[in-house]
Amino acid sequence: MARPREFDEIEALDSAVETFRDKGYEAASLMDLLKAMDLSKSSLYNSFGTKHELFLAAIDHYAKKSADRLSQRLSSSFSPREGIRKALEGIVDDIMESGDRRGCLLHNSAIEVLPQDPEAAQHIERGVSRMKDVFTHTVRDGQRRGEIMAERDPEEIASYLTMSQMGLRSVGRVTSERRQLDQMVECVMKAV
C-alpha cells in the first residue's frame, strides 16, 4: 500500500513557480527546488517526475493561477473597459508595491528555453492562449455594450492585450518609474 502524500501539492507547485521565476529553468538546481518546496528528492520524483516535468507542471500551474487572477480583475468592475484598465493597473501595482520585478514566467520561460524545448513551447503557448481567452471574453462583452470598437476582431484585441500585459511585466523588470508603466497602460487603453 502506497503512503499518502504528506504535503500540499498546490503549495509545492507555488514554491516551484517562485523558484523558476527567481532563477529560470536552467539556473534552478534540484537542490533549490527541493529546499523551496520542502520536499525530499523521492517525494519530488514520485509526485512530479523529473525537473523538466516539474517545470512543465509549474508553467501550467502559473498559467491557470494567472488566468484566474486576470479573470477576477477583469470582472471586478461593472464595465468591461474599466475591468481591462483595472487589470493592467493591477499589474503596475504588483510591480511597484511589492517590488516584484521577476516578470511573467510564461514570457521568461519562452525566452530562456525556446526553441530547443518544443514540449515547454506547447505548455507556454497553452498558457498564453488561456490568458488571451480571458481577455477575448471581456472584449466581446465590451463590444456588445458599445465600450470597445465593434468593427475590430475581438481575438485581435485580446492578443494585443495579452502581449501588453506580458510587456508591462517585462518593462517592470527594468524600470522603477511608475509613471512610465502608467503611460504604457494609457497607450494600451487608447488603442482599445
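The values are calculated or read from the model by the stated rules, or taken from the named source; none is laboratory data. Every value quoted in this text rests on a predicted model; they were computed, and no experiment measured them. Quick reminder, even Gly has a Cβ in these numbers, built from the backbone with ideal geometry, and neighbours come from all protein chains shown. Side chains included, ligands, DNA and RNA excluded: accessible areas come from the protein's heavy atoms. Shrake-Rupley method; radii C 1.70, N 1.55, O 1.52, S 1.80 Å.
Distance from a point 7 Å along Cα→Cβ of D68 to each backbone N in the stretch 125-160: keep the residues under 20 Å and list them by number. Those under the cut-off are 125-138. Each residue of the stretch 62-75 was assigned a 3J(HN,Hα) from its phi angle through the Karplus curve 6.51 cos²θ - 1.76 cosθ + 1.60 (θ = phi - 60°); the sequence is 4, 4, 5, 4, 5, 5, 5, 5, 4, 4, 5, 5, 5, 8 Hz, with glycine and proline shown as x. Cross-link pairs exceeding 19 Å between alpha carbons, from the set K86/K190; K86/K132; K65/K132; K65/K190; K64/K132; K23/K51: K65/K190. Spherically averaged projected area of the convex hull of Cα atoms, the stretch 89-192: 7.0 nm².
Of the solvent-accessible surface of the chain, computed with a 1.4 Å probe over protein heavy atoms with every protein chain present, carbon and sulfur atoms account for 50 percent. From helices alone, the chain scores -24500 deg cm²/dmol at 222 nm; the rule is -39500 (n - 2.57) for each run of n ≥ 4 DSSP H residues, then divide by the residue total. Each part reduced to its alpha carbon centroid, the stretch 20-64 and the stretch 74-116 end up 22 Å apart. Projecting the alpha carbon convex hull of the stretch 37-83 along each direction and taking the average yields 4.1 nm². Can you compute log10 of I(q)/I(0) for the chain with the Debye formula, treating each Cα as one identical point scatterer, at q = 0.12 Å⁻¹? Each listed q maps to, in turn, -0.64.
Semi-axes of the stretch 1-89's equivalent ellipsoid from the Cα gyration tensor, sqrt of 5 times each eigenvalue, largest first, rounded to whole Å? Kindly include the intermediate steps, with their values, before the conclusion.
Details: eigenvalues 210, 46, 17 Å².
Equivalent ellipsoid of the stretch 1-89: 32, 15, 9 Å, largest first.
Taking every protein chain into account, the accessible area of the stretch 1-90 amounts to 55 square angstrom per residue (probe 1.4 Å).
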